[in-house]
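To start, the structure itself, in structure tokens.
The values are calculated or read from the model by the stated rules, or taken from the named source; none is laboratory data. If you're wondering where the values come from, they're calculated on a predicted model, not measured in any experiment. Reconstructed Cβ throughout: ideal geometry from the backbone, glycine too, with neighbour counts over all protein chains shown. Please note that ligands, DNA and RNA were not included when accessible areas were found on the heavy atoms of the full protein model with its side chains. Shrake-Rupley method; radii C 1.70, N 1.55, O 1.52, S 1.80 Å.
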Amino acid sequence: MVQTRETTEEAVKTLLDVRDVRTYFHLDEGVLKAVDGVSFDIGKQETLGIIGESGSGKSVTAQSIMRIVPKPGRIRSGEILLHHDDRTTDLTQLKPFGPEIRSIRGKDIAMIFQEPMTSLSPVHTIGNQIREAILLHRTEDRKEAEAITLDMLSRVGISNPKQRVNEYPHQLSGGMRQRAMIAMALSCNPKLLIADEPTTALDVTVQAQILELIKELQEQFHMSVLYITHDLGVIAEVCDKVAVMYLGRVVEYGSVRDIFYHPLHPYTVRLLKSMPKMGHKQDRLEAIEGNVPIPLDPPVQCGFVERCTEAMAGRCEVAVPALVEVDKQHWVRCYLHSEE
Amino acid sequence: MPEATPLLRVEHLKKYFPIEKGFLRRVAGHVKAVDDVSFFLDEGETLGLVGESGSGKTTVGRCVLRAIEPTEGKIELRLDDRTTDLMALERKELRPLRRNAQMIFQDPYSSLDPRMTVLDIISEPIKVHRMASGAELEDRVKHLMEVVGLEVKYLRRYPHAFSGGQRQRIGIARALATNPKLIVADEPVSALDVSIQAQILNLLQDLQNEFGLTYLFIAHDLGVVEHIANRVAVMYVGRLVELAPTEELYANPRHPYTEALLSAVPKTEPDEERERIVLKGEIANPAHPPSGCYFHPRCNYAQDRCREETPLWREVSPGHFAACHFSEELELRGVGEITTPPAT
């Protein structure tokens with residue numbers, strides 16, 4: 001098969017390689033370039049955070065990996081390489097409804113969403129929904145599936161799993177629903193968990209519990225996690241590496257320390273300054289003026305140029321800078337830091 | 001000294017929602033959404049009201065404006081050195097007073113009528129209170145748009161043509177239209193992107209300085225509240241558990257719930273160390289609250305007394321109120337002690 005090849009030497013430590021992916025939506029009004037050149041990689045057991053505002057393309061990036069991009073969106077180019085122990089699959093080459101991606105989705109890569117109520121079925125019990133995935137991917141023995149379900153529920157900290165297993169999502173609180181969804185996602189021992197704003201709808205005390213839980217389970221299950229969030233606090237809390245997205249592109253990519261202590265891209269620098277930080281009270285916040293543009297037929301220029309105070313006339317508005325490695329494992333897409 | 005009476009004084013505010021059961025809609029109990037809440041607001045200050053979902057903070061905000069009818073309590077508003085108890089007025093009598101107190105809503109998408117232009121939206125309250133008409137009205141709307149940082153050329157556009165941040169500016173302009181003294185801002189920035197959040201927070205501060213506004217700022221984000229509020233009140237299951245000047249509350253919390261809330265906020269940078277107090281269980285159900293102190297089932301310091309006796313709301317040090325039996329004895333940790341910033 002075309003999409004399967006031998007795993008190379010350097011890929012052994014990497015689980016997922018995303019290379020210059022572009023996902024476009026062809027609309028009546030024009031081409032919406034939701035994801036327009038995104039590259040990053042996730043190592044085994046590593047945690048990568050994608051941070052961006054609404055419209056930055058962070059969720060479509062996740063949908064592209066899962067191959068669940070809604071119509072009329074399509075992956076136009078790029079590679080998404082999933083490295084198994086013995087082979088490598090390019091996810092962009094699979095049919096979105098084909099058997100290969102269906103054996104990966106839910107098994108190798110699982111996903112949890114922002115609002116559990118909209119992603120859980122309201123007419124099936126929690127237990128039923130978790131069992132379904134187990135019966136599909138792990139075992140055909142119903143008794144064993146039942147046992148795994150109960151085990152998963154207790155591992156995500158749901159008390160009294162024997163009773164909860166027969167309850168419906170509306171009977172659980174927001175935090176418990178998110179736990180149930182995590183149990184479902186992890187029931188098939190995925191290699192990668194994609195968490196799309198998993199705690200945005202939750203209160204701070206519950207958010208702290210859920211982040212802690214994902215961290216613990218990550219160690220137990222030896223999995224990699226991709227966090228998608230707009231919350232810099234969540235990034236600081238859990239991530240090893242960060243990709244900063246703006247208008248469909250990764251504008252900066254590096255270790256969480258590099259991003260927080262040595263940010264290079266003007267957007268990253270300003271974003272960090274605009275956030276009120278508890279315990280560091282300022283008189284006035286340094287806001288980024290202007291609005292996040294919509295990437296509908298975007299001109300060929302740096303996406304941040306209109307809001308950037310350091311934009312250089314004749315450079316930033318005439319070409320898109322390349323994502324360049326300016327320091328070890330620290331990449332930035334800005335003419336201030338590279339010629340390309 | 002003119003500071004004698006606060007702009008707003010709320011005393012023993014209660015809002016009980018009946019739980020109706022069966023065919024005859026018999027009242028089977030009450031959800032005590034707001035249960036005996038008292039506070040005041042000085043002119044020109046910002047009081048932050050924080051709490052988790054279900055704590056009743058939005059209900060307090062709406063009761064203060066009598067947007068929903070409180071069950072009991074006093075709401076005294078001082079206008080031109082005359083104090084009026086809003087609760088003693090009929091709804092009709094309340095109308096002329098309404099222009100003094102306005103509200104800013106959380107969701108800029110659902111709080112603006114999609115079939116009204118910006119001009120209609122901002123001018124509506126001015127028309128209702130017959131404050132201006134004709135060319136004067138339009139001039140006033142244009143002025144308001146400039147004040148909140150919207151371009152006047154968009155006067156006849158509809159809300160859908162604006163981004164979230166701009167819509168929130170429209171909502172703010174509408175709230176300012178009647179020259180109010182008090183603004184209840186219910187989570188005004190929580191639906192906005194981080195980079196837009198800062199713009200709106202700065203705008204709210206500028207407007208406060210310019211027009212001497214007083215804010216009741218309802219939010220769940222403790223970082224945002226620390227930034228904007230002079231004093232902060234913490235709510236838990238319909239009751240206030242603590243109220244103090246912002247710096248004091250963040251540095252020296254006197255209620256275990258406040259301590260836990262502060263410790264739960266994600267860290268602001270990767271190298272910061274944070275000791276997290278993980279609370280057991282979840283926020284209590286206001287229809288069946290626990291006995292004694294509502295927080296005792298989740299509290300790490302709870303003792304027998306907490307199960308039996310409701311703690312009194314009292315001033316534990318000047319300007320610092322708390323409702324915990326052990327406020328004076330417990331050594332709770334504030335932001336400075338929970339977090340250790342990295343060595344630079």
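Summary table
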quantity: Contacts under 6 angstrom Cβ, first residue in segment B:226-243 being farther than 20 Å from B:C306 by Cβ, partner surrounded by fewer than 24 Cβ atoms within 10 Å (Cβ to Cβ) and acidic (D, E), 6 or more apart; calculated: B:N230/B:E45
quantity: Verdict on A:A201 being in contact (Cβ under 8 Å) with a residue 40 or more places away in the chain and either part of a helix (DSSP H, G or I) or more than 13 Å from the chain's Cα centre (by Cα) (or both); calculated: yes
quantity: Residues of segment B:127-179 classified as farther than 19 Å from B:I200 by Cα and small (G, A, S), total; calculated: 4
quantity: Candidate set from segment A:58-72 (those that are open to solvent by less than 10 Å² (accessible area, probe 1.4 Å) and not hydroxyl-bearing (S, T, Y)); member that is farthest from A:S255 (Cα to Cα); calculated: A:I65
quantity: Some residue of segment A:309-326 being modelled with pLDDT of 90 or more, over 25 Å from the mean Cα position of the chain (by Cα) and within 14 Å of another protein chain (Cβ to nearest Cβ); calculated: yes
quantity: Residue identified as in contact with a Phe, Trp or Tyr (Cβ under 6 Å, 6 or more places away or on another chain), more than 14 Å from chain A (Cβ to nearest Cβ) and either modelled with pLDDT of 90 or more or over 12 Å from B:M103 (Cα atoms) (or both) among B:I172, B:I183; calculated: B:I183
quantity: Residues (in a helix (DSSP H, G or I) and facing chain A (nearest Cβ under 7 Å)) located in segment B:220-249; calculated: B:L222, B:G223, B:V224, B:E226, B:H227
quantity: Selected residue [of a type in the set (D, E) and within 21 Å of B:Y215 (Cβ to Cβ)] from B:D85, B:D80; calculated: B:D80
quantity: Residue list for segment A:294-311, filter: of a type outside the set (V, I, T), under 22 Å from B:S195 (Cα atoms) and open to solvent by 40 Å² or more (accessible area, probe 1.4 Å); calculated: A:L296, A:E306, A:E310, A:A311
quantity: Residue check, A:V244 modelled with pLDDT of 95 or more, within 14 Å of chain B (Cβ to nearest Cβ) and in a strand (DSSP E or B); calculated: yes
quantity: Candidate set: segment A:21-35, residues that are in contact (Cβ under 8 Å) with a residue 24 or more places away in the chain, of a type in the set (D, E, K, R) and surrounded by fewer than 21 Cβ atoms within 10 Å (Cβ to Cβ); chosen: the one nearest to A:V324 (Cα to Cα); calculated: A:R22
quantity: Checklist (1) at pLDDT below 90; (2) surrounded by 12 or more Cβ atoms within 10 Å (Cβ to Cβ); (3) within 26 Å of B:K32 (Cβ to Cβ); (4) of a type outside the set (S, T, N, Q) applied to B:H288, failing item; calculated: (2)
quantity: Failed item, numbered, when B:E282 is tested on (1) of a type in the set (D, E); (2) buried (at least 20 other Cβ atoms within 10 Å of the Cβ); (3) within 7 Å of another protein chain (Cβ to nearest Cβ); calculated: (2)
quantity: Output for segment B:156-177, where each listed residue is surrounded by fewer than 17 Cβ atoms within 10 Å (Cβ to Cβ) and in a loop (DSSP other than H, G, I, E, B); calculated: B:R156, B:R157, B:Y158
quantity: Test: residue in segment A:249-269 that is among the small types (G, A, S), part of a loop (DSSP other than H, G, I, E, B) and under 25 Å from A:A34 (Cα atoms); calculated: no
quantity: First in segment A:256-267 and over 19 Å from A:Y227 (Cβ atoms), second anywhere and among the hydrophobic types (A, V, I, L, M, F, W, C) and open to solvent by 20 Å² or more (accessible area, probe 1.4 Å), Cβ under 6 Å, 6 or more apart; calculated: A:P266/A:C308
quantity: Whichever residue in segment A:247-279 is within 15 Å of A:G233 (Cβ to Cβ) and β-branched (V, I, T) and, among such residues, is nearest to the other protein chains (Cβ to nearest Cβ); calculated: A:V256
quantity: Positions within segment A:189-204 being among the hydrophobic types (A, V, I, L, M, F, W, C) and open to solvent by less than 10 Å² (accessible area, probe 1.4 Å), in sequence order; calculated: A:L192, A:L193, A:I194, A:A195
quantity: Selection status of B:L332, surrounded by 15 or more Cβ atoms within 10 Å (Cβ to Cβ), of a type in the set (A, V, I, L, M) and at pLDDT below 95; calculated: yes
quantity: Close pairs from segment B:304-318: first open to solvent by less than 60 Å² (accessible area, probe 1.4 Å), partner basic (K, R), Cβ under 7 Å, at least 6 apart; calculated: B:V316/B:R254
quantity: Top-ranked residue in segment B:267-276 [being in a loop (DSSP other than H, G, I, E, B) and within 9 Å of chain A (Cβ to nearest Cβ); ranked as surrounded by the fewest Cβ atoms within 10 Å (Cβ to Cβ)]; calculated: B:D271
quantity: Pairs where the first residue, in segment B:172-191, is closer than 18 Å to B:I228 by Cβ and the second is open to solvent by less than 10 Å² (accessible area, probe 1.4 Å) and part of a loop (DSSP other than H, G, I, E, B), C-beta under 6 Å, 6+ apart; calculated: B:I172/B:V148; B:I183/B:L213
quantity: Residue within segment B:252-266 that is β-branched (V, I, T), in contact (Cβ under 8 Å) with a residue 12 or more places away in the chain, more than 8 Å from chain A (Cβ to nearest Cβ) and farther than 21 Å from A:Q207 by Cα present; calculated: no
quantity: Yes/no for A:R315 being exposed (fewer than 13 other Cβ atoms within 10 Å of the Cβ) and farther than 19 Å from A:S54 by Cβ; calculated: no
